[in-house]
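> I'd like to ask some things about the structure below.
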Amino acid sequence: MSSYNDAPDTSSPPPSPKESAPAPKKSSGKMSDAQKAQLKKHMEKTGLTGSEAKSHRMKMMSRMRKGMTVTKAHNDIKKSSK
């Protein structure tokens with residue numbers, strides 16, 4: 001027969017993983033009004049139409065949400081498409 005002394009100590013629960021290590025900052029998933037204006041201006045300069053424009057815009061938005069500037073995002077797209 002087991003005794004109550006064999007039970008694990010529950011008087012102080014172990015710290016949760018979220019409390020022990022600070023989580024890295026993540027983007028909110030939304031673009032600021034300034035970013036939206038910059039992207040709109042960039043898209044006007046590209047001269048793309050139709051599905052090419054939509055694809056480029058979506059790629060730009062995903063990178064800008066992560067914190068990239070318009071220039072860095074555009075260069076990253078150009079680099080990855082080679």
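The values are calculated or read from the model by the stated rules, or taken from the named source; none is laboratory data. Computed from a predicted structure; not experimentally measured. Using ideal geometry, Cβ is built from the backbone for each residue, glycine included, and neighbour counts are taken over all protein chains shown.
> Could you grab me the full set of residues in the range 11-32 that are over 17 Å from the mean Cα position of the chain (by Cα) and at pLDDT 65 or above?
Ser11, Ser12, listed by residue number.
> Do you know which residues across the range 38-53 are at pLDDT 90 or above and exposed (fewer than 12 other Cβ atoms within 10 Å of the Cβ)? If you could, list the steps in order and put the result at the bottom.
Of the range 38-53, the ones at pLDDT 90 or above are 38-48, 50-53.
Passing the criteria: Lys40, Lys41, Glu44, Lys45, Gly47, Gly50, Ser51, Glu52.
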